[in-house]
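Peer 1: First the structure, which I've put down as structure tokens, then a few questions once you've had a look.
The values are calculated or read from the model by the stated rules, or taken from the named source; none is laboratory data. Keep in mind that this is a model prediction, so the values were computed, not measured. Here the Cβ is made from the backbone with ideal geometry for all residues, glycine too, and neighbour counts use every protein chain on show.
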Amino acid sequence: MPEKPKERMQDFALAITRWVGSLQSIVVHTFIFLGSFFAVLVGAVEFDKMLLVLTTLVSLEAIYLAIFIQMSLNITRESLAVVEENIDEIQEDVDEIQQDVDEIQQDVDEIQEDVDEIQEDIEEEHDKPQTNV
């Protein structure tokens, strides 16, 4: 079954935020920054131009990351809401089961009382002196 565009975008947002929070992301960003300054040192690009491009890219990255992070937070919030509903339903089921168990316990207690009474009656009959007719 093909994924819906919304699901694909959500998966993409989650993948981006997972990657940004990884060691790989730190390494890649470090190499990009070092490479930018190295390009200035070897004369491949002017310092001002490198800073302009680098700060522009960092600003755009920050904007998009903020959006992706917010999307992933929204997805997580929706997932938590579903889990909370499931927990509430399970709690209701547990409460109903507890009521059933309590009712069964009452029935067992009543049956035990009846058994005790029958046992007493049997013992009384057994203890009576027998008369021969």
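Residues checked against (1) surrounded by 11 or more Cβ atoms within 10 Å (Cβ to Cβ); (2) within 22 Å of Ala15 (Cβ to Cβ); (3) among the polar types (S, T, N, Q):
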residue	(1), (2), (3)
Phe37	yes, no, no
Leu65	yes, yes, no
Val82	no, yes, no
Gln99	no, no, yes
Glu103	no, no, no
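Peer 1: Right, next: Out of Thr56, Thr76, report the one residue that is within 30 Å of Leu34 (Cα to Cα) and without any contact (Cβ under 8 Å) to a residue 40 or more places away in the chain.
Peer 2: Values: Thr76 fails: within 30 Å of Leu34 (Cα to Cα).
Answer to the selection: Thr56.
Peer 1: While we're here: With respect to Val40, determine if the residue is of a type in the set (A, V, I, L, M), part of a helix (DSSP H, G or I) and under 33 Å from the mean Cα position of the chain (by Cα). First the steps, then the outcome.
Peer 2: On the way: of a type in the set (A, V, I, L, M): yes; part of a helix (DSSP H, G or I): yes; under 33 Å from the mean Cα position of the chain (by Cα): no.
No: the conditions fail for Val40.
Peer 1: What pairs come out if I take residues in region 13-42 that are over 26 Å from Ile75 (Cα atoms) and of a type in the set (A, V, I, L, M, F, W, C) and pair them with residues that are in a helix (DSSP H, G or I) and at pLDDT 95 or above whose C-beta lies under 7 Å away, six or more apart or interchain?
Peer 2: The qualifying pairs are Ala39/Met50; Val40/Phe47; Val40/Met50.
Peer 1: Under the condition of being hydrophobic (A, V, I, L, M, F, W, C) and surrounded by 10 or more Cβ atoms within 10 Å (Cβ to Cβ), which residue from region 105-133 is modelled with the lowest pLDDT? Walk me through it before giving the result.
Peer 2: Filtering region 105-133 for residues hydrophobic (A, V, I, L, M, F, W, C) gives 108, 111, 115, 118, 122, 133.
Among the residues that remain, those that are also surrounded by 10 or more Cβ atoms within 10 Å (Cβ to Cβ) are: 108, 111, 115, 118, 122.
On the way: Val108: 96, Ile111: 96, Val115: 95, Ile118: 93, Ile122: 89.
Looking at the filtered set, the residue picked out is Ile122.
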